[in-house]
1. For region 5-23, state whether one or more residues are within 26 Å of the chain's Cα centre (by Cα), assigned to a loop (DSSP other than H, G, I, E, B) and in contact (Cβ under 8 Å) with a residue 40 or more places away in the chain.
2. Could you grab the pairs with beta carbons closer than 7 Å, sequence gap of 6+ or different chains, first residue in region 428-444 and in contact (Cβ under 8 Å) with a residue 40 or more places away in the chain and within 18 Å of residue 279 (Cβ to Cβ), second one part of a strand (DSSP E or B) and away from the ligand (no atom under 12 Å from the Cβ)?
3. Restricting to region 77-88, and then to whatever is assigned to a loop (DSSP other than H, G, I, E, B) and buried (at least 24 other Cβ atoms within 10 Å of the Cβ), can you tell me which residue is farthest from the ligand (Cβ to nearest atom)?
4. Report yes if some residue within region 215-228 is away from the ligand (no atom under 13 Å from the Cβ), at pLDDT 95 or above and either surrounded by fewer than 22 Cβ atoms within 10 Å (Cβ to Cβ) or not in a helix (DSSP H, G or I) (or both); otherwise report no.
5. Would you call residue 434 more than 16 Å from the ligand (Cβ to nearest atom) and either surrounded by fewer than 19 Cβ atoms within 10 Å (Cβ to Cβ) or not assigned by TED's automatic domain parsing to the domain that holds residue 95 (or both)?
6. Looking at 28, 38 in this structure, which one is within 29 Å of residue 468 (Cβ to Cβ) and surrounded by fewer than 17 Cβ atoms within 10 Å (Cβ to Cβ)?
7. At pLDDT 95 or above, within 30 Å of residue 354 (Cβ to Cβ) and surrounded by fewer than 24 Cβ atoms within 10 Å (Cβ to Cβ) - does that describe any residue in region 174-189?
8. Exactly one condition in (1) within 13 Å of the ligand (Cβ to nearest atom); (2) under 20 Å from the mean Cα position of the chain (by Cα) is false for residue 181; which is it?
Ligand SMILES: Cc1cc2nc3c(=O)[nH]c(=O)nc-3n(C[C@H](O)[C@H](O)[C@H](O)COP(=O)(O)OP(=O)(O)OC[C@H]3O[C@@H](n4cnc5c(N)ncnc54)[C@H](O)[C@@H]3O)c2cc1C
C-alpha cells in the first residue's frame with residue numbers, strides 16, 4: 001500500500017516525524033515500506049484502504065513510548081496504539097484515521113509473575129500463547145483465560161473488553177493496576193500504583209480518590225505500557241455440562257434458566273449459547289452444503305445439524321474449583337434443566353492428575369490458547385472476513401428471543417447466513433454476531449454496510465447499545481449513546497481536549513474526536 005497521509009500533514013512533515021521516531025527506536029523499528037504498511041491493514045475490513053496507516057513505529061520500553069508521544073506532539077502526527085493488533089472483526093491492527101502511524105507495542109513482552117497472589121504484570125506485547133507458555137514452563141498453578149482467537153495480546157484484548165470462557169472470562173474486570181503514558185508523554189500509574197513501590201498495586205484496584213482504570217479501556221486517553229492481570233488458580237476439578245437444544249425457540253427458557261444461575265452465583269462462568277453455524281463454519285465451507293446466494297434454506301440447515309449432531313443452539317456450561325463443590329453444583333444444574341427438557345446433558349469430568357488433552361473446540365474452556373476458529377473466515381470462500389455486531393440485552397428469555405427473531409429476519413432479508421450467539425453475563429447478555437463475508441463477492445459486499453446499519457438501528461430502537469464495534473462504525477455506535485444529547489460523548493471530548501490538546505492519540509476511537517479533527521465525525 002502506498003503511503004497515506006493524515007489530514008493536514010504533508011509528506012515532508014511525515015518524513016521528518018519518521019526520522020525523529022527513528023532517533024528514539026532505531027531505523028529498523030520505523031516501518032514505512034509498502035509491504036510494512038500492508039501488514040498493518042485490516043484484512044477483514046470492507047474497505048482496507050479507508051484505514052491505511054502511513055507507517056508504524058515499534059518501541060521496546062515505556063521510556064521510548066513517552067518519547068514517541070513527545071515527537072508526535074511536536075509534529076502533530078496521529079498515532080494508533082496496538083498491543084498485538086489481532087482485533088479481527090473490530091479493525092485488526094489498522095488505525096481508524098487513515099494515515100495515522102501505528103504505535104506497535106508487540107515488542108514489549110516482559111512478564112513478571114507474582115505466584116503467591118496469582119497476578120501477572122504484563123507488557124502489552126505479551127500474547128495469550130506467551131503467558132500460557134510461561135505458566136507451563138515455570139509450572140505455575142494458574143490458568144489463563146483466552147478468547148476464541150488467542151493470537152492477540154492479553155492486555156490488548158482486555159483493553160477492548162474482550163472475553164474468554166472460564167470464570168475469569170470478563171478480561172477487563174481482571175485488570176488491576178495500570179501503567180499508562182498520557183498523550184503528553186507523562187507516565188502515570190493507577191490505583192495503589194500511584195504510591196511508588198506499593199506492594200498492592202496489582203492487588204487492590206482503587207487506590208485513594210477517583211479510580212481511573214476503565215478510563216483507559218476502549219478510549220484514546222493514554223497508552224497502556226503495563227497492567228496487572230489476575231489469573232484463575234488451577235482448579236482441582238472441571239466439570240463440563242453440554243446440551244444441544246432442538247428448536248430455535250428453546251433459546252427463551254434456556255436463557256431464563258441460565259440467567260438465574262448467573263445471578264445467584266451457581267454458575268460463575270459466562271456461557272455462550274451458540275447457533276449451529278458456529279461449529280459448521282469452522283469445520284466446513286459453505287459450498288460443501290449449498291452453492292446459491294441468499295441465506296441458507298431450512299433443509300440445508302437441517303442437513304448441517306444432522307451431520308454434526310448438533311441442536312439449533314449449543315450450550316456449554318463449565319464448573320471450576322473443588323471437586324465436591326463442582327459435583328454438587330452440577331447436580332443442581334442438571335436437575336433444573338431436567339424440568340425443562342428430556343434431553344440429557346453430556347457430562348465431562350477432569351481433575352488434577354488426569355491428562356489435559358481437550359479437543360480443539362474444548363481448549364478455551366481449559367484456558368488453552370486456540371486459533372482454529374479463525375478458519376470461519378473461509379466459510380464463503382474467497383478472501384474471507386467478518387464484522388462483529390454485539391449489542392447488550394437484559395438477561396431474560398423474552399429479550400433474547402425477540403432479539404434473535406429480529407436479527408434472524410434481517411439476516412434473511414439481506415441474504416446472509418445467521419451466525420449469532422448469546423453470552424450470558426451476571427445481569428446482561430451480549431448478543432455476539434459474526435457477520436461472515438467473502439470480500440471477492442461484490443454482490444455480497446455491497447449488502448454488508450446496509451445490513452450492519454439496519455442491525456444497529458434495530459438494536460437502538462430497543463435502546464440496546466453495542467459493547468464493542470469495528471473502527472468503521474465507531475461514530476455510528478457512539479451516536480446511539482444519546483442521553484441528554486450525547487452528554488457522555490461531550491464529557492469524553494472535554495477530557496480528550498484536556499489530556500491531548502494536539503489530538504495525536506487515536507483520533508476518533510470510540511467516537512471520541514479531539515478538537516483538531518472533530519469535523520471528521522461521520
Ligand atoms: C474467529 C474469531 C474469534 C474471536 N473470538 C474472540 C473471543 O472469543 N473473545 C474476544 O474478546 N475476541 C475475539 N475475537 C476478536 C479478536 O481477535 C480478539 O479480541 C483479540 O484478542 C484482539 O486483538 P489483540 O489482543 O491483539 O488487541 P489489539 O488489536 O492490540 O488491541 C485491541 C484494541 O485496544 C487498543 N489498544 C491495544 N493496546 C493498547 C494499549 N497498550 N494502550 C491503549 N490502547 C490499546 C487498540 O487500539 C485496539 O482498538 C475473535 C476474532 C476472530 C476472528
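1. As a first pass, look at region 5-23 and keep what is within 26 Å of the chain's Cα centre (by Cα): none.
Scanning region 5-23, I find no residue that is within 26 Å of the chain's Cα centre (by Cα), assigned to a loop (DSSP other than H, G, I, E, B) and in contact (Cβ under 8 Å) with a residue 40 or more places away in the chain, so the answer is no.
2. Matching pairs, first to second residue: 433/389; 433/420; 435/389.
3. Kept after step one, since they are assigned to a loop (DSSP other than H, G, I, E, B), are these residues of region 77-88: 77-78, 83-88.
Next cut, buried (at least 24 other Cβ atoms within 10 Å of the Cβ) only: 77-78, 83, 85, 87.
Values: 77: 16, 78: 12, 83: 3, 85: 4, 87: 3 Å.
Here the answer is 77.
4. As a first pass, look at region 215-228 and keep what is away from the ligand (no atom under 13 Å from the Cβ): 228.
Restricting the remaining residues to those that are at pLDDT 95 or above gives 228.
From what's left, either surrounded by fewer than 22 Cβ atoms within 10 Å (Cβ to Cβ) or not in a helix (DSSP H, G or I) (or both): 228.
So far as region 215-228 goes, yes, one or more of its residues are away from the ligand (no atom under 13 Å from the Cβ), at pLDDT 95 or above and either surrounded by fewer than 22 Cβ atoms within 10 Å (Cβ to Cβ) or not in a helix (DSSP H, G or I) (or both).
5. Numbers: more than 16 Å from the ligand (Cβ to nearest atom): no; either surrounded by fewer than 19 Cβ atoms within 10 Å (Cβ to Cβ) or not assigned by TED's automatic domain parsing to the domain that holds residue 95 (or both): yes.
In short, no.
6. On the way: 28 fails: within 29 Å of residue 468 (Cβ to Cβ).
Going through 28, 38 in turn, the sole match is 38.
7. Of all residues in region 174-189, those at pLDDT 95 or above come to 174-189.
This time we only want the ones that are within 30 Å of residue 354 (Cβ to Cβ), so: 174.
Filter again for surrounded by fewer than 24 Cβ atoms within 10 Å (Cβ to Cβ), leaving 174.
Yes: one or more hits.
8. Tallying (1) within 13 Å of the ligand (Cβ to nearest atom); (2) under 20 Å from the mean Cα position of the chain (by Cα), residue 181 fails exactly one: (2).
The values are calculated or read from the model by the stated rules, or taken from the named source; none is laboratory data. As the structure is a prediction and not an experimental result, all values here were calculated from the model. Glycine also receives a Cβ, built like all others from the backbone with ideal geometry; neighbour counts cover every protein chain displayed.
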